[in-house]
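First the structure, in the form of C-alpha cells, and then the observations on it.
The values are calculated or read from the model by the stated rules, or taken from the named source; none is laboratory data. Predicted model only: the values in this text are computed from it and were never measured. Counting neighbours? That spans all protein chains shown, and the Cβs are built from the backbone with ideal geometry, glycine included. Heads up: the accessible areas ignore ligands, DNA and RNA and are worked out on the full protein's heavy atoms, side chains in. Shrake-Rupley method; radii C 1.70, N 1.55, O 1.52, S 1.80 Å.
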Amino acid sequence: MRVELNVPESVTEPRMWVKHQSVLAMALRPGSIELGLRRSEMRRLTFGAGEMSLIPRHLEKWFRNEDLHGLCIAISDAALTAASDGTSGEVELRRVDKLVDPRLGTLAEAVNAERIAGFPSGGLFLDSVEQALAVALVNGYAVRHSSVQTHRGGLGSARLRKIKEFVHAKMEDELTLCEMAQSVELSTAHFSRMFRKSTGESPHHFVLRHRVERAKEMLRAAEARVLDVAVACGFKTQQHFARVFRQMCGASPTEYRQEFLRH
C-alpha cells in the first residue's frame with residue numbers, strides 16, 4: 001500500500017493523473033477539485049472533510065486542484081486478488097466519485113493518523129489495513145464478470161474473443177469489415193448487426209478505440225516518435241492519428257506523453 005498527500009497547486013492548467021493501482025482518496029478538509037476523463041469535459045466536485053472517492057486502476061483523469069487537501073491510498077493488485085480468494089483473476093473496481101462508506105472511512109482515518117504520527121507502527125500495520133481495505137472494496141465495489149457480457153441475439157463470447165484477438169494481431173494493417181466478418185465466418189451484414197448488439201459500438205469504433213489504447217501504451221512506455229506510434233497502431237497519417245487521439249482522450253499524443261512524463 002502506498003500513501004500520498006494531495007495538496008493544492010498553483011498550476012492553472014489541468015494536468016493528467018494516471019494511477020496504475022486502485023486508489024481510495026479522502027478529503028482531509030472541505031474543498032473542491034476539477035476532474036474529467038477529458039480535458040474539455042471537466043467538472044468541479046466539492047468534498048466535505050472525510051468524504052471519499054474510489055478511482056479504479058489505470059483510470060486516466062484530468063484534474064486541477066486549487067484548494068483540496070486529500071489523502072490518496074493506493075491498494076495493490078495483489079491485495080485485491082487475495083481478497084477475492086484469487087479466483088477472479090484481475091479485480092476491477094467501480095469508479096465512485098462521492099463515496100460514503102463508514103467502514104472504509106474508519107480505515108482511511110486510521111491510515112491518516114498513522115501518517116501524521118510518522119508511521120511509527122511500521123509496514124505490518126499498513127499491510128493489515130490494506131488487507132482490510134481490499135476485502136471491503138472487493139465485497140462492495142468490485143465489478144462482477146461471470147462471462148463476457150452479450151445481448152440477446154448478439155455474438156457469443158468465443159466469437160467476441162476471436163474478434164479481439166484478430167484486431168490486435170492486425171493492428172498495423174488496414175482492417176476491413178469484410179475481414180473481420182470472415183474471421184468469425186459470418187456475412188458482413190450479419191456480423192455488423194450482431195457486433196453492435198453485443199458490444200454497443202460499431203466495428204469501426206471498436207477498432208479505433210483499441211488502436212488508441214495501444215498508442216497510449218506506446219506513448220507511455222517508449223520514446224518512439226509520434227509518427228512511428230501512429231504507423232504501428234494502423235493510422236495512415238500522423239494527422240489522422242492526432243485527430244482521433246484528441247477526440248478520444250481530450251489531448252494530442254504529444255500533450256498526453258508530456259503530461260504522463262511530468263508525473
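Odds and ends about this structure:
- When the surface is traced with a 1.4 Å probe over the full set of protein chains, Met1 keeps roughly 50 Å² accessible.
- Model label points for Glu255 and Asp173, set 7 angstrom from Cα along the Cα-to-Cβ axis, are 3.5 nm apart.
- Under 20 Å from Lys236, Cα to Cα: lysines that are on another chain or at least 8 residues apart: Lys170, Lys216
- P(r) tail fraction, the chain - alpha-carbon pairs more than 29 Å apart, %: 45 percent
- Solvent-accessible surface of the stretch 1-42, taken per residue with a 1.4 Å probe and all protein chains present: 50 Å².
- Computed over the stretch 1-104, the alpha-carbon pair-distance distribution with 10 angstrom bins reads 15, 46, 29, 9, 1, each value a whole percent.
- Efficiency of FRET between Glu13 and Thr188 - r from beta-carbon atoms, R0 30 angstrom, step 0.05: 0.10
- Seen from Leu107, the other residues with C-beta closer than 14 Å to its C-beta sum to a net charge of -3, counting Lys and Arg as +1 and Asp and Glu as -1.
- As a length-normalised measure over Cα pairs under 8 Å and 6 or more apart, the relative contact order of the chain settles at 17 percent.
- When nucleic acids and ligands are ignored and a 1.4 Å probe is applied, Cys233 ends up with an accessible area of around 0 Å².
- Protection proxy ranking, peptides 26-35, 43-52, 106-115, average beta carbon neighbours within 10 Å, highest first: 26-35, 106-115, 43-52
- Net charge dipole, the chain: roughly 940 debye, given to the nearest 20, about the Cα centre with Cβ charges of +1 for Lys and Arg and -1 for Asp and Glu.
- Area of Lys164 that stays accessible when all protein chains are in place (1.4 Å probe, Å², to 10): 100 Å²
- Stretch gain in nm, segment Leu5-Arg225, where the contour uses 0.36 nm per residue and the Cα spacing is subtracted: 75.8 nm
- Counting protein heavy atoms only, the stretch 164-263 has 50 percent of its accessible area on carbon and sulfur, 1.4 angstrom probe.
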